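The values are calculated or read from the model by the stated rules, or taken from the named source; none is laboratory data. Computed from a prediction, not measured in an experiment: that's the story for all the values here. Here the Cβ positions follow ideal geometry from the backbone for every residue, glycine too, while neighbour counts run over all protein chains shown. Calculation scope for accessible area: heavy atoms of the full protein, side chains included, ligands and nucleic acids excluded. Shrake-Rupley method; radii C 1.70, N 1.55, O 1.52, S 1.80 Å.
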Amino acid sequence: MIDISRKAIANEPIANGVNFTSIQDKRFKQNLISVNFIAPLKKETAAANALLPLVLKRGCEGYPDMTELNRKLKELYGARLDGGVTKRGEIQIISLFVEMLDNDYTLQNENVLSECAELLRSVVFNPVLQSGAFLQENVDIEKRNLTDMINAQINDKRTYASRRVKEEMCKNEAYGINELGTIEDVSNITPQSLAEAWNTLLQSTAAEVFLIGPADPADCIKLFTDAFSKVQRNNILSYETKVIRNVENVNTIVERVPVNQAKLVMGFRAGVATPDSDVAAMQLATTVFGGSPNAKLFVNVREKMSLCYYCYSRYERQKGLMFVESGIEENNYEKAKDEILRQLEEVKSGNFSDDELKFAALSLENSYKEIADSLGDLNGWYLGQLLSGSLRSPSEAAEEVILLGRKAVIGAANKIKLDTVYLLAGTAKEENADAE
Amino acid sequence: MQNNVIESKRLNEKVFHFRHNTGLDIYIEPKKGYSSNYAIFGTKYGSIDNRFIWKGEDITVPEGIAHFLEHKLFESEDGDAFQRYARTGASANAYTSFDKTCYLFSCTDKFQESLEILLDFVQSPYFTQQTVEKEQGIIGQEIRMYLDDPGWRVFFNLLGALYQNHPVKIDIAGTEKSISMITADLLYKCYYAFYNLNNMVLCVSGDVDPDAIMKTADKLLKPAESSIVQSKFEDEPDSIVKNRVEQKLSVSVPLFHFGFKDKPALGREMAFKEAVTSILLEIIGGDASPLYRRLYDSGLINASFGMQYFNGRSFAATVVGGESREPEKVMTEFLNEIETLKNKGIEKADFERAKRTVFGRLVAHYDSVDEIANGLSSCHFYGVGPFEMVDVAASVTIEDVYARLNEHFDGNNCALSVVLPLDL
């Protein structure tokens with residue numbers, strides 16, 4: 001097993017506040033190019049930033065019509081040009097990317113890479129504008145879609161509950177802001193205000209550009225260096241995530257919608273966040289607690305007590321939070337909550353075997369190392385690394401975890417404090433929703 | 001032991017196929033330099049196989065039993081398979097689909113050890129009344145979770161509208177009532193009927209050594225009885241049950257699926273139908289089509305719109321779905337577009353683009369050991385070669401697409417399923 005990604009990774013600044021990271025890897029049959037803008041997550045800018053990728057995808061210089069642009073992509077073997085926003089800590093990442101078949105696999109040895117790279121460049125840097133503003137029709141259509149996307153966040157109850165606990169727990173913090181914005185903020189966007197947001201991205205927002213796959217990066221680096229050189233970039237917006245480590249009162253929220261299965265989500269302040277030295281220990285501690293089918297939560301809350309179909313914990317390392325999510329029957333709410341907290345106490349008291357510790361480390365090691373086999377996972381991993389100011393490979397992260405001992409895990413676990421309990425439960429009259 | 005090597009120069013891939021003397025088919029597709037290794041041990045037994053003939057007996061079993069069995073197989077007298085995998089660091093899972101059940105793991109180290117665990121626990125059934133009762137609680141929760149899932153419901157309701165008799169419309173996990181009828185004896189019966197190596201397949205992909213895998217197979221595979229199980233399906237008429245079904249759930253915008261029931265196929269015919277239909281769907285409603293643009297810009301559909309040829313052992317249908325405030329209108333526009341294409345014809349350039357898109361997406365599949373191993377298992381059960389889909393897609397002609405356009409879409413084989421918000 002070779003750690004290919006580590007050998008062939010190169011990273012260089014190509015403009016003020018912009019880096020280009022390339023990973024040349026001949027194992028893949030596709031290439032991925034992504035442009036990721038790193039903006040502070042703020043209520044005033046969230047909605048416009050979320051709308052930008054949707055509007056930008058509708059056309060560019062050369063292909064101003066959305067269908068024409070999509071036709072070109074289909075010709076290029078169904079290349080996928082897409083984008084969106086994600087939240088990491090209190091940072092909003094605005095991404096546009098293109099994923100395409102590598103030239104070697106085309107039917108007639110075509111240079112799909114250079115055409116796709118140029119399309120992506122054009123979509124980001126040369127969108128369709130009229131008198132310096134986006135077209136009204138494009139903006140209206142995509143505002144409607146973004147509004148629907150915000151409303152649709154209720155459809156999947158598992159992710160909805162997960163989102164709600166964050167909103168409640170961090171209602172006075174940037175982390176509680178919806179990365180898609182609010183319905184009201186979206187409705188207030190105009191073609192001019194959106195163009196201003198776009199200018200802010202190009203001129204003042206930090207960016208990370210990636211090329212991952214078998215292709216030689218030279219041409220692509222030149223293309224994006226040229227593109228950024230045509231923009232005046234100064235005063236790069238800073239971004240940071242405020243970490244809160246203490247809890248004054250535990251809040252409990254119960255929300256009712258017609259559902260068959262209740263969702264219990266518990267939010268904790270982990271007390272540890274990047275760049276603290278014990279982030280790896282916290283990752284391992286949460287894995288021992290609830291990160292695998294051999295963890296305390298699965299073994300006890302699901303298998304031993306049959307209280308739920310799923311029960312696991314997740315660590316958000318930028319903001320320093322831990323969440324426990326489970327699908328339960330409302331009747332078992334107190335039982336499940338008590339057992340989850342009891343298992344956390346077990347970890348804090350060191351009541352876990354050497355095997356439990358070893359298995360958690362192995363499971364983490366496995367999940368880190370698998371990252372090397374996926375273009376998307378490599379992109380996500382190194383983006384996270386660059387945000388924390390490092391460039392460690394997944395293998396290096398795995399090595400660090402293996403060296404951690406029981407003391408480190410107990411130390412990290414004891415910093416975890418319960419902050420918010422959120423229950424999404426059914427309405428009083430049981431809607432036994434049957435099809436007609 | 002019969003073995004052969006299947007190569008694809010176009011894809012730069014190779015598959016080793018062994019017919020082990022115990023009856024098991026084994027496929028290995030090496031991926032040099034990959035960190036993860038993936039193995040899947042599956043049986044040709046799924047939610048549709050609830051009636052079968054075995055050892056002269058005509059047996060009908062409760063709905064959801066294949067899925068229940070999958071959960072229970074992980075357990076043994078002294079623990080469960082997850083505890084064993086914990087030692088090797090493998091990430092293990094399983095799934096039951098309509099026509100097969102698969103047990104799998106992925107790992108970046110100790111591959112042989114994890115493979116031994118997989119082969120051992122799947123061949124070692126252990127069911128007791130106590131362990132069955134415990135699982136009823138957990139699976140009960142799983143069923144309830146899926147009852148709330150609007151995507152799952154809109155799809156299954158469509159199947160119920162399309163299929164009169166075929167068990168593909170049955171919920172894979174069954175219902176809380178049907179699983180209460182499951183006993184340890186019934187589980188053993190299903191196990192011995194279907195978990196016979198002649199009915200199963202082992203597929204591996206990653207930076208693996210085929211010889212070492214075969215040694216492990218020799219060590220652990222137990223020769224199978226030659227008894228043959230045969231699933232029994234009632235005849236399914238061409239006609240559908242009803243052309244509309246509706247349900248209300250907690251969603252913000254209505255979800256819809258409409259589908260066209262098709263005659264099922266296997267082998268080359270199945271690969272061909274899937275390739276041609278995928279290309280045809282791209283032409284009709286792919287995101288470069290005029291239909292898509294009209295529907296998208298008028299707000300009738302959004303980026304969630306998708307089309308798929310849903311097919312398996314004994315069933316097939318084209319399914320189109322997404323979110324819309326006016327699902328009926330979307331379906332009408334789709335049907336109108338089909339008529340327009342039948343009358344006006346298909347532009348050669350549109351056909352070429354659609355073909356390249358389908359081809360490109362099929363090639364991309366071979367970058368993932370997960371998709372490769374799962375693909376190998378499906379292909380085996382359907383009698384399709386490991387690279388056949390890509391080769392077939394590359395050879396589809398515009399005449400093939402015309403033929404398909406004219407025979408597949410029929411006003412009589414189409415149904416619409418919608419999930420509406422509660423306050424509508």
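Odds and ends about this structure:
- Checking B:Lys261 against (1) open to solvent by less than 50 Å² (accessible area, probe 1.4 Å); (2) within 11 Å of another protein chain (Cβ to nearest Cβ); (3) among the charged types (D, E, K, R), the condition it does not meet: (2)
- Positions within the range A:34-84 being closer than 29 Å to B:Val358 by Cα and small (Gly, Ala, Ser), in sequence order: A:Ser34, A:Gly59, A:Gly62, A:Gly78, A:Ala79, A:Gly83, A:Gly84
- Comparison of B:Ala373, B:Ala317 shows that the only residue that is aliphatic (A, V, I, L, M) and closer than 19 Å to B:Cys102 by Cα is B:Ala373.
- For the range A:82-135, the tally of residues that are farther than 16 Å from A:Lys29 by Cα, in contact (Cβ under 8 Å) with a residue 60 or more places away in the chain, among the aliphatic types (A, V, I, L, M) and out of contact with any Gly (no Cβ under 7 Å at 6 or more places or on another chain) stands at 10.
- Checking each residue in the range A:147-172 for being over 17 Å from A:Leu264 (Cα atoms) and open to solvent by 50 Å² or more (accessible area, probe 1.4 Å) picks out A:Met149, A:Asn151, A:Lys171, A:Asn172.
- Some residue of the range A:37-56 being touching a residue at least 60 places away in the same chain (Cβ under 8 Å), touching a Gly at 6+ places or on another chain (Cβ under 9 Å) and closer than 30 Å to B:Tyr34 by Cβ: no
- Every residue from the range A:50-62 that is open to solvent by 10 Å² or more (accessible area, probe 1.4 Å) and either farther than 30 Å from A:Pro214 by Cβ or in a strand (DSSP E or B) (or both): A:Leu54
- Checking each residue in the range B:306-331 for being open to solvent by 20 Å² or more (accessible area, probe 1.4 Å) and under 18 Å from B:Leu420 (Cβ atoms) picks out B:Glu323, B:Arg325, B:Glu326, B:Glu328, B:Lys329, B:Met331.
- Only one of B:Gly33, B:Gly79 that is more than 25 Å from the chain's Cα centre (by Cα) and open to solvent by 10 Å² or more (accessible area, probe 1.4 Å): B:Gly79
- The condition of being within 9 Å of chain A (Cβ to nearest Cβ), of a type in the set (Ser, Thr, Tyr) and surrounded by fewer than 21 Cβ atoms within 10 Å (Cβ to Cβ) does not hold for B:Ser289.
- When the range B:125-134 is filtered for residues that are in contact with a strand residue (DSSP E or B) (Cβ under 6 Å, 6 or more places away or on another chain) and either facing chain A (nearest Cβ under 8 Å) or not in a helix (DSSP H, G or I) (or both), only B:Tyr126 remains.
- Residue match in the range B:77-97 (condition: more than 9 Å from chain A (Cβ to nearest Cβ) and in contact (Cβ under 8 Å) with a residue 60 or more places away in the chain): yes
- When each of B:Phe334, B:Phe351, B:Phe305, B:Phe310 is tested for being aromatic (Phe, Trp, Tyr), within 14 Å of another protein chain (Cβ to nearest Cβ) and touching a Gly at 6+ places or on another chain (Cβ under 8 Å), the lone residue that passes is B:Phe305.
- Among residues of the range B:212-248, those that are modelled with pLDDT under 95 and outside any loop (DSSP other than H, G, I, E, B), counted: 0
- Residue in the range B:91-101 that is aliphatic (A, V, I, L, M) and either surrounded by fewer than 21 Cβ atoms within 10 Å (Cβ to Cβ) or more than 18 Å from B:Tyr188 (Cβ to Cβ) (or both) present: yes
- The number of residues in the range B:74-102 being over 21 Å from B:Val132 (Cα atoms) and part of a loop (DSSP other than H, G, I, E, B) comes to 5.
- The residue list B:Ile53, B:Ile117, B:Ile65 contains one member that is touching a strand residue (DSSP E or B) at 6+ places or on another chain (Cβ under 9 Å) and away from chain A (no Cβ under 14 Å), which is B:Ile53.
- Complete set of residues in the range A:93-115 that are of a type in the set (S, T, N, Q) and either open to solvent by less than 40 Å² (accessible area, probe 1.4 Å) or more than 27 Å from A:Gln203 (Cβ to Cβ) (or both): A:Ser95, A:Asn103, A:Thr106, A:Gln108, A:Asn109, A:Asn111
- Highlighted here are the helices (runs of 4 or more DSSP H) found entirely within the range B:135-202 that include at least 3 residues which are open to solvent by 10 Å² or more (accessible area, probe 1.4 Å) and in contact (Cβ under 8 Å) with a residue 60 or more places away in the chain: B:150-162, B:184-194.
- Within the range A:116-145, the set of residues being assigned to a helix (DSSP H, G or I), among the hydrophobic types (A, V, I, L, M, F, W, C), surrounded by fewer than 21 Cβ atoms within 10 Å (Cβ to Cβ) and within 14 Å of chain B (Cβ to nearest Cβ) comprises A:Ile141 only.
- Counting only helices (runs of 4 or more DSSP H) that sit wholly inside the range B:314-424, those with at least 1 residues that are more than 19 Å from the chain's Cα centre (by Cα) are B:327-344, B:348-364, B:388-395, B:398-408.
- Residues satisfying the stated conditions in the range B:4-19, i.e. open to solvent by 90 Å² or more (accessible area, probe 1.4 Å) and more than 14 Å from B:Gly385 (Cα to Cα): B:Lys9, B:Arg10, B:Asn12
- Checking A:Lys369 against (1) within 13 Å of chain B (Cβ to nearest Cβ); (2) open to solvent by 40 Å² or more (accessible area, probe 1.4 Å); (3) within 27 Å of the chain's Cα centre (by Cα), the condition it does not meet: (2)
- Taking residues in the range B:366-386 that are within 14 Å of chain A (Cβ to nearest Cβ), and partners anywhere that are aromatic (Phe, Trp, Tyr), the pairs with Cβ atoms closer than 8 Å and at least 6 places apart or on different chains are B:Asp367/A:Phe28; B:Val369/B:Tyr34; B:Val369/B:Tyr38; B:Asp370/B:Tyr38; B:Ile372/B:Tyr38; B:Ile372/B:Tyr366; B:Ala373/B:Tyr38.
- Identity of the residue in the range B:229-250, of a type outside the set (D, E, K, R) and under 30 Å from B:Asn196 (Cα atoms), that ends up farthest from the other protein chains (Cβ to nearest Cβ): B:Gln230
- Residue within the range B:36-54 that is crowded, with 22+ Cβ neighbours inside 10 Å and more than 21 Å from the chain's Cα centre (by Cα) present: yes
- The range A:273-301, residues that are surrounded by fewer than 23 Cβ atoms within 10 Å (Cβ to Cβ) and over 30 Å from A:Arg392 (Cα atoms): A:Phe298, A:Val299, A:Asn300
Here's the yes/no breakdown for (1) more than 24 Å from the chain's Cα centre (by Cα); (2) open to solvent by 10 Å² or more (accessible area, probe 1.4 Å):
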{"site": "A:Asn11", "(1), (2)": "no, yes"}
{"site": "A:Ala15", "(1), (2)": "yes, yes"}
{"site": "A:Thr21", "(1), (2)": "no, no"}
{"site": "A:Asn36", "(1), (2)": "no, no"}
